[in-house]
Every structure is written in C-alpha cells, then in structure tokens.
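Below: one structure, written as structure tokens.
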Amino acid sequence: MRELVLICPERQAEVLSDMLLEAGALAVSVEDADEDTEHEQPLFGEPGTEPEVQAWQRNRVLVLLPDGLDPAQLMAPVLAAGLGDGRAQDWIVREVPDADWVRLTQSQFGPIVVSDRIWIVPSWHRDDVDLPTRSQDGAIRIELDPGLAFGTGSHATTHLCLQWLSDHLQPGQTVLDYGCGSGILAIAARMLGAGVVHAVDIDEQAVLSTRQNAAINLVQVEAFLPNELPDGRSQIVVANILSNPLKVLAPLLVARVQPGGALVLSGVLERQALEVAQAYAPWITLEVWQTREGWVCLAGHRA
C-alpha cells in the first residue's frame, strides 16, 4: 500500500482533503508539519466548542492510496484548482508497510493500574495470569476496551475520580455519574459496593457503551439520556467533564445531591479550579481534593 504526502498552508487544508477524497483517496489525515519543533502549534477546543482554527499554519497531509491509482491522477484536480504547482518536491509517494492493525492497536492498550485496589483490563488481557482477580485483597478489575465513548481509564481526570470513589464510597450509597462516557466511573462505583447507580450522558453512543460495559462486568448500572433520568437525588454525584459545561451544569448537579451528600468534579485544570468552585459557591463549598498531571479533583458536601 502507498501513501501520498504533501504540505499545504492552513487555508487549503480542509478543501484539499475533501478534493483528495472525492478523487479516490482511501483516507486523508492532516498533521502539524512543524510537530516536535519549536514552531509546533497547539490546536484544540473543549467539547461543544470549535477550535479557533481548523488547521495548522503548515500542514502535512497524508493520503492513503488504493492499489492501482496513479498519484498524478489523484493530484490532477488539486493542481487544476490552483492548490499546488506540480513541483516534484511538493509531494512524495512512499510505501506503507503491511501491519496487523488490530494487534498493533491492542498493543497500545495494556492493563492500567489506578491504585492497589483498582485495575482496568482490556479484554485481550482478560486471561493474563499475573493480574489480580476480583477476589484478591478486595481488588476490582474493570474490563474495558477502547471504544467510541470517552473513558478508557488512562486519563488523569478518570484516575482522580476513581481514587476518590475508592477512598470515600461507603457500601450501599447511591451514585449518579453525570457525563458517563464509557461508564467506567459508574461501573467502578457498583463494583466498590455502591447501591443504586445511575449514569447519564448526552451522547446516545455513550449510554449504549455504558450499558454494554456494565453487562460485560456483571454489574447493574442504569444509563439514561438526560431527559430520561428519573427524578431524585443521590448520595454521591460525580461528573468528569470539562470546566465550561461543569459551570453551566452547576444548578442541575447540585440539585441532584442529597443533603449531606458529596459532589465530585473533575476535568478541571489547576488554573480553572477557583473559577469552577465559585460557580458552585451559592450551594456548596468545593475544594481541591487532589491534583494529577495538571488536573484537579474538586469535592465537597452539601449542607
């Protein structure tokens, strides 16, 4: 298999990608051409918002070619549109080595040790004899594969929430996981001894993933879209989202916490902690419980 590689400026990246796909490319990806140099440029946006720019100043466009397609034929409409001048040094073709992509992907996701008590294990490591079973020393093993919903257990914010649940959740307490993604926090809460556990997400795929992952782990978690969530309050409400939606959701999340119950928030950078805590100050006092890799976990109890 072959790959076409070319460089283009920011203003051309989107239209160039579309034209290459229409001309017969199997796939097109765009990277920062200045990656790993002093000119590398960050490009990101929070969920629900768009990045201010849609490409980098200099973009490396990687185009996967189907067998038998002449790269010059693929480039013809690009050149006709004035997006290149046809010079050989402007684009190259290179071989892409064959690979077992499933095995390669799986090799990037091994077991994750959150603490001595919590392990996250992809299904392809299910039978590893050197991993603890659920019955060993009160350890819990959450079987979870990377999927379409956020929450593989590798991110610092997920670790913070899991650690808080491990340290503070009492047997039988009710839990609401708001913004559940893969359902990892809801599943962990149930496995740590929680009573009724509800999970909510605005993404239908996340709700489905949570239900499927709960079934795989043999625990009962009720997952809903927001408008389907039954009325009521929980003794623990945990939300691992990001700062902007957390501020918007403040009245809703607080209203879901029982008097005396705990509210646990993550997805918040250290520099955002005060601002998020202030959004909740009319109802509950939140303080930084722990930090990890520049992220914080905020926690407090409703009066």
Report task. In a Gaussian network model over the chain where Cα atoms closer than 10 Å are linked, find which of L83, L144, L160 has the largest mean-square fluctuation. Result -> L83
Query raised in the report: Which value, in debye to the nearest 20, describes the size of the charge dipole of the chain about its Cα centre when Lys and Arg Cβ atoms bear +1, Asp and Glu Cβ atoms bear -1, and nothing else is charged?
Result: 1280
Query - Antiparallel %, DSSP beta bridges [both residues in the chain], to 5 - result: 60
Query raised in the report: Which is the longest stretch in the chain that no exposed loop site breaks, taking sites as GluC sites (Glu not before Pro) with a DSSP loop state and at most 15 other Cβ atoms within 10 Å?
Result: 53-292
Query raised in the report: Which residue, I140, I92, I236, has the most motion in a Gaussian network model of the chain that connects Cα atoms within less than 10 Å?
Result: I92
Query raised in the report: Normalised by the number of residues in the chain, what is the relative contact order in percent for Cα pairs under 8 Å and 6+ residues apart?
Result: 12
Report summary line: Assertion target for L274, L74, ordered by fewest C-beta neighbours within 10 angstrom first, is L274, L74
Report summary line: Per-residue ellipticity at 222 nm attributable to helices in the chain (runs of n ≥ 4 DSSP H, -39500 (n - 2.57) apiece, nearest 500 deg cm²/dmol) works out to -7500 deg cm²/dmol
**Report entry** Approximate shape of segment 203-303 as ellipsoid semi-axes (Cα gyration tensor, √5λ), whole Å, largest first
**Finding:** 24, 17, 13
Query - Restricting segment 198-259 to trypsin sites (Lys or Arg not before Pro) in coil, as DSSP defines it, with at most 16 other Cβ within 10 Å - result: R233
**Report entry** Stokes-Einstein D for the chain, Kirkwood Rh over Cα pairs, 10 °C, 1.306 mPa s (µm²/s)
**Finding:** 72
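A short reminder: the numbers here are calculations on the coordinates, not readings from a lab. A quick note: this is a predicted structure, and the numbers were derived from the prediction, not measured. Backbone-built Cβ (ideal geometry, glycine too); neighbour counts: all protein chains shown.
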